[in-house]
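Some notes on the structure that comes next.
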Amino acid sequence: MADAPDTERQAVEPDAREVLSVSQLNDRIASVVQDAPALNGVRCIGEVTDLHKNSTALYFTLTDGEAELPCMIWANRYREMDADLEDGTEAILEGDIDYWVEGGKIDLKPWEVIVVGDGDQAAAVERLRSELEERGWFDDEQKQRPPAFPERVGVVTSLRGDARYDIQNAIHGQDPTVDILVTDATVQGSNAPTSIANGIHHLDRSEDVDAIIVGRGGGSDSNLQAFNTERVAEAIFTANTPVVTAIGHTDDRLIADQVADVATITPTAAGEYIVNSRQEFLASEIEPLEQQLDVAYETFQQEHEHEQELVKAVDEATAPEGPPPIYYKVAIAVLLLLLLVITGLWLGVI
Amino acid sequence: MANDAEIHDRLSRVEEIIEQLDADKVSLDEGSELYEEGQELLTEVRERLHDSEGDVIEIQ
């Protein structure tokens, strides 16, 4: 088939050389989304996560474990629905896909919500949590205390994420002498559990790594599911090196946090926790000890100076008057020598 | 390896020295030697804390 003439093509496709403002492009996307029949009146089943609400709307993410979709329901509409949504609820949503022009974001705005039951994912996480608790993996006796003065800290996180820089800056802010070994890991999606576990194993096998931070920035709860898997939990639990988690802000406690030796809220907090402040340690420990040593020695010296003066005074007080005994011994020796010389002369021996 | 053990050992020895000086059961010469030892240990701790700049190593 012959190519369509240029004029005809322009009528069908937008001018590739046209430069649009962000608003213009977003408007264009919005019109495509609104006009697409396939995106209107859709029905979608998934698990509700990361749910939060305010006076005007209810926001949550619908996920099937592999993919996720932001959703929003206006508060007045939600009140009219016979549905009680919470994190972990499995629900069928019916509504339109909407494109928010100002924010450049797509979401599903449901007009109908049918609660199917508790989500499979949430139930599976709770089963795993109970099992690991029974095994004693969360027990305090299993926790190792990270060293206060590590020479090298290992970090398992995405090399492209902000978390690694937050951790690095926090560590070197406390102590610039510490080496940091960052292992790249996929921290969300289906490959994440294996990637994170491999990173932990790798750093744990490095003899010179004194502590490991497993971190990522905040995200929706469904993005954090890798940290609720047995694979990651096992890697943390079996590590000989102390592990500190820094998985980001979340209301729910993650299994990785519970198994870890120490759980912190943010990557920055993990970095600050793992390394003692050098200046603070010098000021609070070393300088007082230096002063104590100086004071102890000064007191010791003064005691001994008094003691020496006392011994000298006692010696002087108890010493006999007149010349010292050595003089008498020398005088006697000289007299004996003279006596020998005289006796020799008298006998004619000399 | 972490510096904890080495720093802890040195600080413990300095505390022992302070106790010995406080107890005043050593001669003046021995006391002077202990004081010098304490100062050396504290200097070593400071040196450990001011070691060279740390590196950031990436592993893909």
Considering residues that are crowded, with 17+ Cβ neighbours inside 10 Å and either in a strand (DSSP E or B) or out of contact with any Pro (no Cβ under 8 Å at 6 or more places or on another chain) (or both), the number found within region A:199-213 is 9
Checked region A:38-69 for anything in a strand (DSSP E or B), among the aliphatic types (A, V, I, L, M) and within 16 Å of A:Ala91 (Cα to Cα); matches are A:Val42, A:Ile45, A:Val48, A:Leu51, A:Leu58, A:Leu62, A:Leu69
Condition set more than 39 Å from the chain's Cα centre (by Cα) and at pLDDT 90 or above, scope region A:79-105, selection nearest to A:Ser21 (Cα to Cα): answer is A:Asp96
* Asked: What do you reckon, is B:Ile57 within 7 Å of chain A (Cβ to nearest Cβ), among the hydrophobic types (A, V, I, L, M, F, W, C), in a strand (DSSP E or B) and free of Cβ contacts under 8 Å to residues at least 24 places away in the same chain?
  -> yes
Every listed condition ((1) in contact with an Asp or Glu (Cβ under 7 Å, 6 or more places away or on another chain); (2) in a loop (DSSP other than H, G, I, E, B)) holds for A:Phe138 save (1)
Tell me whether region B:34-50 contains one or more residues that are closer than 12 Å to A:Leu293 by Cβ, part of a helix (DSSP H, G or I), more than 7 Å from chain A (Cβ to nearest Cβ) and in contact (Cβ under 8 Å) with a residue 24 or more places away in the chain. yes
Only unsatisfied item for A:Glu272, checking (1) within 51 Å of the chain's Cα centre (by Cα); (2) at pLDDT below 80, is (2)
Inset, instruction - Answer yes or no as to whether A:Asp294 is in contact with a Lys or Arg (Cβ under 6 Å, 6 or more places away or on another chain), more than 8 Å from chain B (Cβ to nearest Cβ) and not basic (Lys, Arg). - result: no
In region A:165-191, residues that are modelled with pLDDT of 90 or more and part of a helix (DSSP H, G or I) total 8
Filtering region B:1-25 down to residues that are more than 13 Å from B:Glu36 (Cα to Cα), facing chain A (nearest Cβ under 8 Å) and out of contact with any Lys or Arg (no Cβ under 7 Å at 6 or more places or on another chain) yields B:Met1, B:Ala2, B:Asp4, B:Leu11, B:Glu15, B:Asp22, B:Asp24
**Asked** Given the structure, is A:Ile286 modelled with pLDDT under 90, closer than 21 Å to A:Asn198 by Cα and among the aliphatic types (A, V, I, L, M)?
**Response** no
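The values are calculated or read from the model by the stated rules, or taken from the named source; none is laboratory data. Bear in mind the structure is a predicted one, so any value in this text is a computation, not a measurement. Here the Cβ is made from the backbone with ideal geometry for all residues, glycine too, and neighbour counts use every protein chain on show.
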